[in-house]
Amino acid sequence: MASLPLPTAEVCDANPHLIMNGELRALHPIFQIYGRRQVFAGPVVTLKVYEDNVLIREFLEEKGHGRVLVVDGGGSMRCAILGGNPVQQAQNNGWAGIVVNGCIRDVDEINGCDIGVRALNSHPMKANKKGIGEKHVPVTIAGTRICDGEWLYADTDGILVSRTELTVCAYIYMEAFGALSCEFGLGQLQKLV
C-alpha cells in the first residue's frame with residue numbers, strides 16, 4: 001500500500017488533467033513550515049481577517065474533525081495573527097492543519113505541537129482583538145482562490161487545493177491483470193491506518 005497521503009509532487013504528476021481544468025491548484029511557494037506535522041490534509045474552512053485574531057481563536061475552539069483552517073490575513077507582516085495557545089487548542093481539538101497568509105508567533109511552542117502550520121513568517125507583535133472578519137468566504141492566497149469545503153494537501157514540497165477529495169490508490173500490482181486498484185478516498189484510508 002502507498003504511504004498516506006501521497007506526496008504532492010506525485011499527485012501533480014499523476015493528475016495533469018485536473019491541473020489543466022483547474023480542479024487541482026498549487027499555491028505559490030511562499031509559506032514557511034511550522035509544527036511537527038509536516039504532511040497534512042483535510043477539508044478546508046476559510047476565514048478572512050486583517051491583523052485580528054479573535055475569529056481564528058473562535059474557530060480553533062471548535063472540534064476540527066480533521067479539517068484545515070485557511071486564514072487570509074491579507075499578507076500582513078506587521079503582527080502575528082496566530083500564536084502558540086490557539087495552535088495547542090487546535091491540536092487538542094483535532095484540526096489537521098492551519099494555513100495563514102500572514103505571520104505567527106510563539107514558534108518554539110508551535111513547533112512542539114502535533115499539527116501542521118504554514119505561515120509567511122514569524123513576528124513578535126500580537127494582533128488586535130476586535131473580532132472583525134469574514135467566515136466561510138472564498139479567499140485568494142498565494143495566487144490561488146480557495147473555497148470553503150475544498151480539500152487541501154500539504155507536504156514539504158508545497159500545498160495543493162482540490163475541489164474534491166482526491167482518491168488515493170492502493171497500488172496493487174495484479175500479475176494476472178496488470179491493473180491498479182483504486183478503492184478508497186483519502187479520508188477512508190486514513191481511518192484504516
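The values are calculated or read from the model by the stated rules, or taken from the named source; none is laboratory data. The model shown is predicted, which means the values in this text are computed figures rather than measured ones. Counting neighbours? That spans all protein chains shown, and the Cβs are built from the backbone with ideal geometry, glycine included. Note: areas computed on protein heavy atoms with side chains; ligands, DNA, RNA excluded. Shrake-Rupley method; radii C 1.70, N 1.55, O 1.52, S 1.80 Å.
Placing pseudo-labels 7 Å out from each Cα toward the beta carbon at residue 92 and residue 140 gives an inter-label distance of 3.9 nm.
Couplings 3J(HN,Hα) for the range 22-32, derived from phi with the Karplus relation 6.51 cos²θ - 1.76 cosθ + 1.60 (θ = phi - 60°), are x, 6, 10, 10, 9, 6, 4, x, 10, 9, 8 Hz, where x marks Gly and Pro. A 1.4 Å probe run over the protein chains yields, for the range 29-149, 43 Å² of accessible area per residue, whole-number rounding. Protection proxy ranking, highest mean first, for peptides 59-69, 125-135, 96-106, 151-161: 96-106, 151-161, 59-69, 125-135, where packing is the per-residue count of other beta-carbon atoms within 10 Å, averaged. Rounded if a/c is under 1.5, else prolate if a/b is larger than b/c, else oblate: which is the range 39-147, with a ≥ b ≥ c the root eigenvalues of its Cα gyration tensor? Rounded, because the longest to shortest axis ratio a/c is under 1.5.
Can you order the peptides 27-35, 77-85 by their average number of other Cβ atoms within 10 Å per residue, highest first? Can you show the working numbers first?
On the way: 27-35: 16.8, 77-85: 19.4.
The most tightly packed comes first, giving 77-85, 27-35.
Across the range 18-53, the residues whose backbone nitrogen lies under 17 Å from the label position 7 Å along the beta-carbon direction of residue 85 are 52-53. Basic side chains Lys and Arg get +1 at the Cβ, acidic Asp and Glu get -1 at the Cβ, and with that the dipole of the range 45-168 about its Cα centre reaches some 360 debye.
When DSSP beta bridges are restricted to pairs lying wholly in the range 21-126, around 15% turn out antiparallel. For the pair residue 148 and residue 108, the difference between a 0.36 nm per residue extended length and the Cα-Cα distance amounts to 11.4 nm. The phi-based Karplus calculation (6.51 cos²θ - 1.76 cosθ + 1.60; θ = phi - 60°) puts the 3J(HN,Hα) values of the range 36-48 at 6, 8, 7, 10, 8, 7, x, x, 8, 10, 9, 8, 10 Hz, whole numbers, x for Gly and Pro. Extension gain for residue 62-residue 33 works out to 8.1 nm (0.36 nm per residue, less the C-alpha to C-alpha distance).
I want the local charge near residue 99. Using Cβ-Cβ distances under 10 Å, sum +1 for each Lys or Arg and -1 for each Asp or Glu among the other residues.
0
Over all other residues within a Cβ to Cβ distance under 13 Å of residue 23, the charged ones net out to +1, with Lys and Arg as +1 and Asp and Glu as -1.
Once the other residues with Cβ under 11 Å from the Cβ of residue 53 are scored (Lys, Arg +1; Asp, Glu -1), what is the net sum?
Local charge sum for residue 53: +2.
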